[in-house]
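Participant: Here's a structure for you.
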Amino acid sequence: MNWLDLYEQARASEEVAAGYYNRNVRVRTGEGMVNVRIPIEAADSMDVRLWTEQDVLTCIRPYVSQAPELRHTSTSPRFQVHHFIDGSVLDSFSPRGSAVPEHVIGDVVAVMEQLARIPQEKAPVIPNGWPAPGEVGGFGRRLALLTQEVYDTHLEAYAEIFDDFGIPAEPLAVLEPLWDELTSRPFVVLHSDLHRKNMIVSGGQTWFLDWELALWGDPLYELGIHFHKMDYPADQRAEVLRRWHECLPAAATAGPPADLDLYLAHERVKSAIVDTIRYSKQLVGANSATRDYLTDRLARKLNAARPVWGVPPDMTQGRIAQTLAPWVERQSWTP
């Protein structure tokens, strides 16, 4: 197969599914459909990155049953080719906040359990300076450091907006002393982005996509970021938690509920900062329906974070739209 020709076909295609970091293009070949995955060069880096996705997919292949098969990778130009999974994105029929099919819960816990079985020597190389296994406080601080860096990087452009939205100058300070109180747990391979847009349901099974943010770290973080992004109904969240405790090793699930609450608090703070930046950019040139959708979602995210800082969750869609309007107008007229 001529992989470069495949790449050029993908670049020319208008049928693109884009996330924040990659463009995904379905391309037909003589051997069937494949997914060509092309990095977005100008993407803002908002997440901790530890490994390349191709190294992660190679690592998990013997352990994780429902992940894409890596067919080819290229460093110049940068792209990957994955086998194409024919199915429905979970978010398309079960959006955030709604109940998911029962089998999805079992599949989610199963992939967490499969990842927890990967020994450290089979994981991609862990860079020097990464927290040692069990140093969950250091792991949590590494997450918080990136969130603070995102805030600092964009502060000049967003200072007035951050202030109006109630985001403090040191948004992670309230969490800093709590990282030392986390229970020590053995580190495992984490997907770190298990949400509805990264799941494809096909034939009663759930396939898990987008492994670019995989980490070596606290298994409880996997659960925390998953709960934050899925926004399950209460009964399904409780069921995921119950099965997680049953299926993973006891050492991986040790610790009080406050540990999970701390990871959730961090994700709410991070979301308030990151999505203020991302959504404001998406508002430039958006139609009225998209503007309403984005400002409503941002109000929800800010209101989830504000209690972490000790302020009431009283942000409204109208206030957000009013605050962002001058910024969006300036961007629209920037040459």
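Participant: Compute the Kirkwood hydrodynamic radius of region 78-206, taking the inverse of the mean of 1/r over all pairs of distinct Cα atoms, and give it in Å to one decimal.
Facilitator: Hydrodynamic radius (Kirkwood, Cα pairs) of region 78-206 is 18.4 Å.
Participant: Moving on. Output the Cα-based Rg and Dmax of region 252-335 in Å, rounding Rg to one decimal and Dmax to a whole number.
Facilitator: 15.6, 54
Participant: What's the ranking of 19-25, 136-142 by average number of surrounding C-beta atoms within 10 Å, highest first?
Facilitator: Final packing ranking: 136-142, 19-25.
Participant: Grab the chain and count how many Lys pairs have their alpha-carbon atoms under 13 Å apart, sequence gap of 8 or more, or different chains.
Facilitator: Going through the chain pair by pair, I get 4.
Participant: Using amide H atoms built 1.01 Å from N in the peptide plane, name the residues 5+ places from Asn22, or on other chains, whose amide H lies under 5 Å from its own.
Facilitator: Close amide H contacts, sequence-distant or interchain: Ile40.
Participant: Quick check: net charge around Lys197, other residues with Cβ under 12 Å of its Cβ, Lys/Arg +1 and Asp/Glu -1?
Facilitator: 0
Participant: Restricting to Cα pairs below 8 Å that are 6+ residues apart, what does the relative contact order work out to for region 228-334? Please round to a whole percent.
Facilitator: So the answer I get is 24 percent.
Participant: Another question, then. Quick one: which of 77-84, 227-234, 97-104, 325-332 comes out on top by average Cβ neighbours within 10 Å, and what's the full order, highest first?
Facilitator: In decreasing order of mean packing, 77-84, 227-234, 97-104, 325-332 become 77-84, 227-234, 97-104, 325-332.
Participant: When the helix-only estimate is applied to the chain (DSSP H runs of n ≥ 4, each -39,500 (n - 2.57), divided by the residue count), what is the mean residue ellipticity at 222 nm, nearest 500 deg cm²/dmol?
Facilitator: Rounded to the nearest 500, it is -15000 deg cm²/dmol.
Participant: Sort 108-117, 267-276, 160-169 for me by packing, meaning the mean count of neighbouring Cβ atoms within 10 Å per residue, highest on top. Please report the intermediate quantities before stating the final value.
Facilitator: Working: 108-117: 20.6, 267-276: 22.5, 160-169: 16.7.
Ranking the peptides 108-117, 267-276, 160-169 by packing returns 267-276, 108-117, 160-169.
All of the numbers you see were taken from the coordinates with simple rules; none came from a lab. Since the model is a prediction, treat every value here as computed from it, not as a measurement. Every residue, glycine as well, gets a Cβ built from its backbone with ideal geometry; the counts of neighbours run over all protein chains shown.
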